[in-house]
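Chemist: My structure is below; once you've seen it, I'll send some questions.
The values are calculated or read from the model by the stated rules, or taken from the named source; none is laboratory data. Predicted model only: the values in this text are computed from it and were never measured. No Cβ is skipped: glycine too gets one built from the backbone with ideal geometry, and neighbour counts run over all protein chains shown. Accessible surface is based on the protein model in full, side chains and every heavy atom, while ligands, DNA and RNA are left aside. Shrake-Rupley method; radii C 1.70, N 1.55, O 1.52, S 1.80 Å.
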Amino acid sequence: MFLRVVRATVSKGVKRDYVRVVVAYRDDAGKTQHRTVINLGRRDLLAAHLDFDKLRRLLHGDAVAYDSVKREDVDALGAWDWGPMLAARALWSELGLEGTLDRLARRDRRDGVRLSDRALVLVANRLAAPGSEHALAQWLESDFVCDRIGRRFVASWRDDAERRASRTPRVRVAARQLQYWYRTLDRLHACKEETEYALFVTLRDLFSLRVDMVFYDLTSTYFEGEGPPDLGAHGHSRDGKPRNRQVLVGLVMVDGWPIAHHVFAGNRRDAKTVPEVLRDLEARFGLKRVVFVGDRGMVTSQNLDDLRGGGHGYIVGRNRRRSGEVFDYIQSATGPWIECGCGITAREKAEPPKTLVQEVVAKQLGVRVFVVHSEERAAFEHAQRVKGMERVRARLMKLERRVAAGRLKAPAKIGAAAARILGDNHGHRYYDWSCTDGAFRFFEHPVHFRREQAYEGKYVIQTEEPDLSARDAVRLYKELSEVERAFANLKDVIDMRPIYHRSDHRVEAHIFVAALAFLIHRAIEKKVKTAALDLSATEALNALESVRVVDIALGDGSTKRCVTRGSQRAAIVLRALGITDLDPPTPPQPGETVT
């Protein structure tokens, strides 16, 4: 193994030298080949960190043959990803989470590690490589993860004899290490309520949150097994897994920041969760009056009465098909339309689709109703309707031919076959049928089809805010999509699943870790966007993986730790996050670790 310097052109007229650790080997044909073990980074940046003679002469371009620095002189002992953990640490501290958990919980008596440091490990793991507490050990081997005083967390594995003697031979992680992480979940769960409140105060003061607008939505996440005894239950599955037990997760957001989340039993109705969330906003966060922005699943007369009774306002969407009143409102939208501003994605199109709105007369005193027409939504729903109609029509024509050929004669069987066809692809919304004198015929439904055409591209917003303009009502309701996107991050990017825990409080703690990871993810996203970078938070984290910690043996029995500066994109992301010091803390004792 030896060091090699490679010169590369980084821009017009600018060349830089990069240092690599290279190993020599022979291929199948017996020829000597070279393979790069690790890129140490730019030579000029590394020179400030490395002080042993031979490598210093090499880095400064003195007359030293590159291949003369052999393994017996210098050796790379290890290299670990550091960038994602570095970013998570910086934002963890900036958002006040380190100080909050330090105040709420004492350090662990066994190894002196604070709850905040262990909780950050779980959160950073969910950001960088989501998995179970068992998979966490593998991540500790590939990433550099340390506490605030620089002690590195290392994986602890069971040997083969321990695994064979255990009742759980498939578990490879040492039981003692697993218990550390399970105890961390338990202690974190006990701090959830106070941590969320402290976080809310920090966000409110740092970013001047507009706390009068509260966005709320629900999702579900399912279990492969039985799940927790009380929370795990069968209910409406948003994952398409009705046979699996699940829990509901409600997320509360203000100005695009998640301030709280709630975990409900899987069979809880969406609308039944709203009163509990409102009481929590009043009692825990001290919000005396809020405008509650929710989706159509939250709309019940009782919930609206509760909002009015508590002095709160609301902006909610109405379900188009569950109320004939909504269809009447859409039909009554015959006045002039007001054009709303379009989003970033729409503006990038050659012909930006328009969103139009008009206020119509409501049937209740004090209620305001806005009918919205989205050209983009209309095009999508029209295409979906045409596709669905073609599929249903093809099957109805096939049934018509079967009846005409005499292969199906019994009226009851004909009716059953037609019902099955119309039950797929929403066929009952488009077609009706008749069977007289043994002849089957189908046709467009005289009422339902006309209604479906009227619905295309339309949705209805209801509120009782007297000073809210039509444009603002649409803008605020569209911001509810931020919550939906938040759930996409929670379930996909942060990856709440799989959840293996079987106790209610452990499941709640697991989801709390995912929510904190999403908070860090959202903070990265906001800083990246503020810096006008065309990167998502996930892409930023991927770029930061090129920032690595490298331990090098100097050949005289001592070692040197250095940090690679990473790729050009990593440098841009670090500037956006305001991170200038890349070095990890130095532990009190060299090489000191914790499990």
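Chemist: Where a ≥ b ≥ c are the square roots of the eigenvalues of the C-alpha gyration tensor, would you call region 346-415 rounded, which needs a/c under 1.5, or, failing that, prolate if a/b is larger than b/c, or oblate?
Modeler: Here region 346-415 falls in the oblate category.
Chemist: Quote the accessible area belonging to His34 in square angstrom, nearest 10, computed with a 1.4 Å probe and with ligands, DNA and RNA left uncounted.
Modeler: 80
Chemist: Let me ask you something else. In what sequence, largest accessible area first, do Asp583, Asp147 appear using a 1.4 Å probe?
Modeler: My answer, sorted largest first, is Asp583, Asp147.
Chemist: Moving on to the next point. Checking the a/c ratio against 1.5 first, then a/b against b/c, what shape does the Cα gyration tensor give for region 159-299?
Modeler: oblate
Chemist: Just the number, please: carbon plus sulfur as a percent of the accessible area of region 287-431, 1.4 Å probe, no ligands or DNA/RNA counted.
Modeler: About 51 percent, which is the carbon plus sulfur part of the accessible surface.
Chemist: OK, next. Rank these residues by their accessible area, most exposed first, probe 1.4 Å: Arg318, Arg407.
Modeler: My answer, sorted largest first, is Arg407, Arg318.
Chemist: Compute the Cα gyration tensor for the chain, then decide on rounded, prolate or oblate, letting a ≥ b ≥ c be the square roots of its eigenvalues: rounded whenever a/c is under 1.5, prolate when a/b is larger than b/c in the other cases, and oblate in all that remain.
Modeler: It is prolate, given that a/c is not under 1.5 and a/b is the larger ratio.
Chemist: Which log10 I(q)/I(0) values, to two decimals, does region 162-209 give at q = 0.14, 0.21, 0.31 Å⁻¹ under the Debye formula with one point per Cα?
Modeler: Here log10 of I(q) over I(0) equals -0.56, -0.77, -1.01.
Chemist: Next up: Could you compute the net charge surrounding Ala233? Neighbours are other residues with a C-beta less than 10 Å from the C-beta of Ala233; K and R count +1, D and E count -1.
Modeler: Net charge around Ala233: +1.
Chemist: Quick check: with the 1.4 Å probe, what order do Tyr182, Tyr18 take by accessible area, largest first?
Modeler: Correct descending sequence by accessible area is Tyr18, Tyr182.
Chemist: Also: Can you give me the C-alpha center-to-center distance between region 81-131 and region 512-573, rounded to a whole angstrom?
Modeler: Cα centres, region 81-131 to region 512-573: 16 Å.
Chemist: For region 135-186 and region 394-445, what is the separation of their Cα centres, given in Å?
Modeler: Each part's Cα centre sits 62 Å from the other's.
Chemist: Accessible area per residue, 1.4 Å probe, Å², for the chain: what's the number?
Modeler: On a per-residue basis, 50 Å².
Chemist: Grab the DSSP H runs of the chain that are 4 residues or longer, score each as -39,500 (n - 2.57), total them, divide by all residues and round the 222 nm result to the nearest 500 deg cm²/dmol.
Modeler: Theoretical 222 nm ellipticity from helices: -12000 deg cm²/dmol.
Chemist: Given the options Leu188, Phe207, Val173, identify the residue whose Cα lies farthest towards the positive end of the charge dipole of region 153-251 (+1 on Cβ of Lys, Arg; -1 on Cβ of Asp, Glu).
Modeler: Val173
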